[in-house]
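*Asks:* The following block contains the structure, expressed as structure tokens.
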Amino acid sequence: MFDPFLQELTSKLQQSGGHLLPTPEGLAECRSLKRQSVIRSWLWQVPGFRRWRVTSLDAGDSLQVLNSVAYPEFSNDQPLLGIDLLWFGTRGKLVAVLDFQPLLQDQEYLDRYYQGLKELVSRHPDLHGAEAMRSFDPHQYFSPWLLFCRGGAEQAQESLPGAFTAFLGCYWQLSSEASHRTSVITPKRVQSLQEAYDVYSAERDPAHGLFTSHFGKAWSDRFLHEFLFPASQQPSP
Ligand code: BLA
């Protein structure tokens, strides 16, 4: 379902001078024979970013996922890129979340970074439902203009492709302007806010149960703490 999206993201990363880095041993790919599924992950080195990860999960008709997070360099206080797209084929259900994940929620920060996303959302009102969040807090690391939709095939096929392209374009625009901008938040604070994002996300991520049911607890714990949210790892004693 999301292969064209993954290809689009991958080619944009390549065009931006990105190249692949090795993923931690055993985490690049995992298969579940029982659930007939495979999860694949890529770690990118992209100019201007300290980390950019991409994951796709293919469990056939039961579930397809594309997930990605981009962490800008600490000298750049712009939002993180957050992508979480899920397609439950058997039930014909879509969960789509696209956001510029803010480090802070104050008005000055939102005014600085959200003009583009605000306009995009006004062109795609069907993807900006008033969905309630069950596990996350909408006021922590989510923006008021996130695209968040629990929908069906119509949204997935008709609205999402155009919105996804525009969303990537908008984030690339923000990133290309970084060199002309002065960050307001100090690099030290950006670092601690990005690390707190990992700690918070590892605690709340509703995917952990799903990973465990496909790939077992040991692999899923490692994947969560070593690949998805590395700053959530306990420092070794
Ligand atoms: C929800 N994301 C979900 C759910 C699952 C995943 C299973 C619950 C489905 C539901 O609410 O109906 C799946 N999350 C994954 C997978 C990965 C993952 C497979 O991290 C990793 C490969 N989630 C993100 C990012 C964002 C995000 C980057 O990982 C930001 C754009 C958002 N996911 C997000 C939100 C929800 C969600 C807002 C709804 C959760 C809620 O209701 O609180």
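*Asks:* Exactly one condition in (1) open to solvent by 60 Å² or more (accessible area, probe 1.4 Å); (2) out of contact with any Asp or Glu (no Cβ under 7 Å at 6 or more places or on another chain) is not met by Thr90; state its number.
*Replies:* (2)
*Asks:* Which residue out of Asp84, Asp106 is surrounded by 17 or more Cβ atoms within 10 Å (Cβ to Cβ) and farther than 14 Å from Leu174 by Cα?
*Replies:* Details: Asp106 fails: surrounded by 17 or more Cβ atoms within 10 Å (Cβ to Cβ).
The unique qualifying residue is Asp84.
*Asks:* What is the one condition in (1) without any contact (Cβ under 8 Å) to a residue 40 or more places away in the chain; (2) open to solvent by less than 20 Å² (accessible area, probe 1.4 Å) that Ile39 does not satisfy?
*Replies:* With (1) without any contact (Cβ under 8 Å) to a residue 40 or more places away in the chain; (2) open to solvent by less than 20 Å² (accessible area, probe 1.4 Å) applied to Ile39, the lone miss is (1).
*Asks:* Could you check region 183-206 and list, in sequence order, the residues that are closer than 24 Å to Leu85 by Cβ and touching a residue at least 60 places away in the same chain (Cβ under 8 Å)?
*Replies:* Of everything in region 183-206, those that are closer than 24 Å to Leu85 by Cβ and touching a residue at least 60 places away in the same chain (Cβ under 8 Å) turn out to be Gln194, Tyr197, Tyr200, Ser201, Arg204, Asp205, Pro206.
*Asks:* I need every pair where a residue in region 119-141 that is closer than 12 Å to Ser159 by Cβ has its Cβ under 8 Å from the Cβ of a residue that is open to solvent by 70 Å² or more (accessible area, probe 1.4 Å), sequence separation at least 6 or different chains.
*Replies:* Gly129/Arg150
*Asks:* Continuing with this model, one more query. Being hydrophobic (A, V, I, L, M, F, W, C), open to solvent by 30 Å² or more (accessible area, probe 1.4 Å) and in contact with a Pro (Cβ under 8 Å, 6 or more places away or on another chain) is the filter here; which residues of region 42-51 pass it?
*Replies:* Scanning region 42-51 gives no hits.
*Asks:* Considering every residue within region 82-104, establish whether at least one is without any contact (Cβ under 8 Å) to a residue 24 or more places away in the chain and among the polar types (S, T, N, Q).
*Replies:* Within region 82-104, not a single residue is without any contact (Cβ under 8 Å) to a residue 24 or more places away in the chain and among the polar types (S, T, N, Q).
*Asks:* While we're here: Scan region 56-82 for residues that are over 11 Å from the mean Cα position of the chain (by Cα) and within 23 Å of Pro102 (Cβ to Cβ) and jot them down.
*Replies:* Pro72, Glu73, Phe74, Ser75, Asn76, Asp77, Gln78, Pro79
Yes/no per residue for (1) under 16 Å from the mean Cα position of the chain (by Cα); (2) within 13 Å of the ligand (Cβ to nearest atom); (3) open to solvent by less than 40 Å² (accessible area, probe 1.4 Å); (4) at positive phi:
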{"position": "Phe167", "(1), (2), (3), (4)": "yes, yes, yes, no"}
{"position": "Ser176", "(1), (2), (3), (4)": "no, no, no, no"}
{"position": "Thr182", "(1), (2), (3), (4)": "no, no, no, no"}
{"position": "Arg189", "(1), (2), (3), (4)": "no, no, no, no"}
{"position": "Tyr197", "(1), (2), (3), (4)": "yes, yes, yes, no"}
{"position": "Ala207", "(1), (2), (3), (4)": "yes, yes, yes, no"}
{"position": "Phe211", "(1), (2), (3), (4)": "no, yes, yes, no"}
{"position": "Ala218", "(1), (2), (3), (4)": "no, no, no, no"}
{"position": "Phe227", "(1), (2), (3), (4)": "yes, yes, yes, no"}
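*Asks:* For Leu80, are the conditions met, namely being under 21 Å from Glu203 (Cβ atoms), among the hydrophobic types (A, V, I, L, M, F, W, C) and more than 14 Å from the ligand (Cβ to nearest atom)?
*Replies:* The answer is no for Leu80.
*Asks:* If you scan region 107-163, which residues turn out to be over 24 Å from Thr90 (Cβ atoms), among the aromatic types (Phe, Trp, Tyr) and in contact with an Asp or Glu (Cβ under 9 Å, 6 or more places away or on another chain)?
*Replies:* Tyr109, Tyr113, Phe136, Tyr141, Phe142, Trp145
*Asks:* So which residues in region 109-139 are surrounded by 13 or more Cβ atoms within 10 Å (Cβ to Cβ) and in a loop (DSSP other than H, G, I, E, B)?
*Replies:* Residues satisfying the conditions are Tyr114, His124, Gly129, Glu131, Met133, Phe136, Pro138.
*Asks:* Hey, among Leu117, Leu104, Leu86, which residue is touching a helix residue (DSSP H, G or I) at 6+ places or on another chain (Cβ under 8 Å), among the aliphatic types (A, V, I, L, M), within 24 Å of Asp198 (Cα to Cα) and within 16 Å of the ligand (Cβ to nearest atom)?
*Replies:* Leu117
*Asks:* If I filter region 52-71 for residues that are β-branched (Val, Ile, Thr), touching a helix residue (DSSP H, G or I) at 6+ places or on another chain (Cβ under 7 Å) and buried (at least 19 other Cβ atoms within 10 Å of the Cβ), do I get at least one hit?
*Replies:* Scanning region 52-71 turns up at least one residue that is β-branched (Val, Ile, Thr), touching a helix residue (DSSP H, G or I) at 6+ places or on another chain (Cβ under 7 Å) and buried (at least 19 other Cβ atoms within 10 Å of the Cβ).
The values are calculated or read from the model by the stated rules, or taken from the named source; none is laboratory data. Just so it is clear, the structure is predicted and the values come from calculations on it, not from any experiment. Every residue, glycine as well, gets a Cβ built from its backbone with ideal geometry; the counts of neighbours run over all protein chains shown. All accessible areas refer to the heavy atoms of the entire protein, side chains included, with ligands and DNA or RNA removed. Shrake-Rupley method; radii C 1.70, N 1.55, O 1.52, S 1.80 Å.
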